[in-house]
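Structure first, then comments.
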Amino acid sequence: MSLDIVILAAGQGTRMRSALPKVLHPVAGNSMLGHVIHSARQLQPQGIHVVIGHGAELVQARLAGDDLNFVMQDKQLGTGHALAQALPALSADTVLVLYGDVPLIEVPTLQRLLAKASEQQLGLLTVTLEDPTGYGRIVRDAHGQVTAIVEHKDANEAQKAIREGNTGILALPGARLADWMGRLSNNNAQGEYYLTDVIAMAVADGLMVATEQPADPMEVQGANDRRQLAELERHYQLREGRRLMAQGVTLRDPSRFDVRGEVTVGRDVLIDINVVLEGKVVIEDDVQIGPNCVIKDCTLRKGAVIKANSHLEGAVMGEGSDAGPFARLRPGTVLDAKAHVGNFVELKNAHLGEGAKAGHLSYLGDADIGARTNIGAGTITCNYDGANKFKTVMGEDVFIGSNSALVAPVEIKAGATTAAGSTITQCVEAGELAVARPRQRNISGWKRPEKIKKP
């Protein structure tokens with residue numbers, strides 16, 4: 001059975017108090033609408049149609065994709081009116097209606113809902129709540145069959161006592177939509193065209209309404225203000241934490257852990273508090289991540305250790321390597337097996353060979369460093385001349401003395417040594433000692449300046 005998905009995303013979201021369209025506000029590093037589109041794609045529909053209005057140009061620019069059809073709703077006249085705007089583009093057997101501000105909906109829930117839809121039956125996602133205030137109420141007959149949805153503002157007291165609420169998420173027979181859209185009325189308290197009126201029309205036309213519920217009510221929670229946005233964020237993180245723990249990750253405190261992207265994990269991984277994982281992160285077995293680390297678009301091989309307060313982006317840490325505390329690995333950094341990066345060391349586009357060490361207080365940019373090489377404290381590669389970047393190459397078993405400045409392009413061959421405090425501008429041959437510093441002078445009789453006393 002063919003499927004079209006319509007995502008309603010035209011609302012302004014005035015309670016957000018923001019110039020940013022509501023559906024672009026982020027949850028876990030992705031916009032709310034981005035999350036919904038991601039779920040929609042996993043259902044493999046023939047078309048995804050996004051109804052936009054407020055901030056339409058920005059929404060389209062942020063989320064443009066070859067598989068997305070953006071539909072304008074110039075005036076926001078209700079959910080029924082919004083769906084009607086997409087009607088000319090719909091041709092599938094089933095139409096699934098989603099919402100751009102309901103980002104936590106799970107694909108399995110939608111699959112269960114779609115299984116309920118047919119030519120003679122609607123699929124309706126409902127949710128049972130202790131307090132359904134604001135939700136449309138699901139009205140059933142004596143046999144438990146759905147007969148209508150009454151919006152909260154239009155409900156009488158008996159209807160307001162109903163705890164089963166409407167999520168707005170529907171799976172509809174495509175062949176019926178045109179007729180139903182043409183029969184919608186705005187004769188209600190809001191003066192809007194409610195998509196929910198389709199339920200009563202379907203019942204009147206002899207169709208059945210089959211309901212499904214989410215595994216967790218938070219799946220269908222929308223965000224109308226910043227408080228609700230924060231609630232969605234925290235629930236997403238706890239859900240992601242549970243997923244990782246089920247795969248063999250120990251989280252010191254799941255409430256102090258954030259994922260803002262796609263994370264793949266192995267077994268026996270340990271993650272301490274206040275760790276943020278962004279983008280695409282691959283974590284293999286036995287990796288340890290200390291507190292207060294930010295890791296973005298990185299691969300951490302088996303047994304790698306990241307110590308507290310380190311920041312990694314676009315880096316690969318080899319098996320058994322370690323970094324930190326307070327290490328910064330920038331894009332293009334690769335640590336081979338058992339390489340060591342210590343505190344306050346920054347690497348950019350640098351390759352440390354197996355067992356190479358940079359213990360503390362160094363900057364290594366655009367560098368290729370051989371196995372077992374030792375980088376002394378305070379070493380920098382001078383890789384930028386103000387216009388261009390140049391490379392520093394070090395062979396195996398090189399020893400760089402503390403406070404050395406290596407002015408690229410330069411090569412230090414295998415087994416060579418630089419004396420502490422040297423500025424290296426020329427090639428150092430294998431096994432040589434390079435000393436590039438002024439000869440020390442001790443001046444006798446020198447008097448230290450004294451502080452001038454103010455009158």
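Listed by position, the helices (runs of 4 or more DSSP H) inside segment 1-95 whose residues that are basic (Lys, Arg), in the same structural domain as Val198 (by TED's automatic domain parsing) and within 21 Å of the chain's Cα centre (by Cα) number at least 1 are 32-42, 56-63. Of all residues in segment 130-162, those satisfying the criterion of being loosely packed, with under 14 Cβ neighbours inside 10 Å, more than 14 Å from Tyr194 (Cα to Cα) and within 37 Å of the chain's Cα centre (by Cα) are Glu130, Asp131, Thr133, Gly134.
Among the residues of segment 210-230, those that are among the small types (Gly, Ala, Ser) and not in a helix (DSSP H, G or I) comprise Ala210, Ala215, Gly222, Ala223.
Checking the stated criteria, Thr250 turns out not to satisfy the condition of being modelled with pLDDT under 95 and β-branched (Val, Ile, Thr).
The condition of being buried (at least 18 other Cβ atoms within 10 Å of the Cβ), in contact with an Asp or Glu (Cβ under 9 Å, 6 or more places away or on another chain) and of a type in the set (Gly, Ala, Ser) holds for only one of Ala414, Ala434, Ala408, that being Ala408.
No other residue among Ala308, Ala323 is more than 19 Å from Gly261 (Cβ to Cβ) and within 23 Å of the chain's Cα centre (by Cα) apart from Ala308.
If you go through segment 98-126 and keep only what is part of a helix (DSSP H, G or I), of a type outside the set (Val, Ile, Thr) and closer than 25 Å to Leu229 by Cα, you end up with Pro108, Leu110. Scanning segment 356-384 for residues that are under 20 Å from Pro331 (Cα atoms) and among the charged types (D, E, K, R) returns Lys357, Asp366, Asp368. Among the residues of segment 145-163, is there at least one that is at positive phi, assigned to a loop (DSSP other than H, G, I, E, B) and modelled with pLDDT under 90? Checked segment 145-163: no residue is at positive phi, assigned to a loop (DSSP other than H, G, I, E, B) and modelled with pLDDT under 90. Scanning segment 231-260 for residues that are crowded, with 17+ Cβ neighbours inside 10 Å and either assigned to a strand (DSSP E or B) or hydrophobic (A, V, I, L, M, F, W, C) (or both) yields Leu232, Leu244, Val249, Leu251, Phe257, Asp258, Val259, Arg260.
The values are calculated or read from the model by the stated rules, or taken from the named source; none is laboratory data. From a predicted model like this one, the values you see are computed outputs, not experimental measurements. Cβ atoms come from the backbone with ideal geometry, glycine included; neighbour counts cover every protein chain shown.
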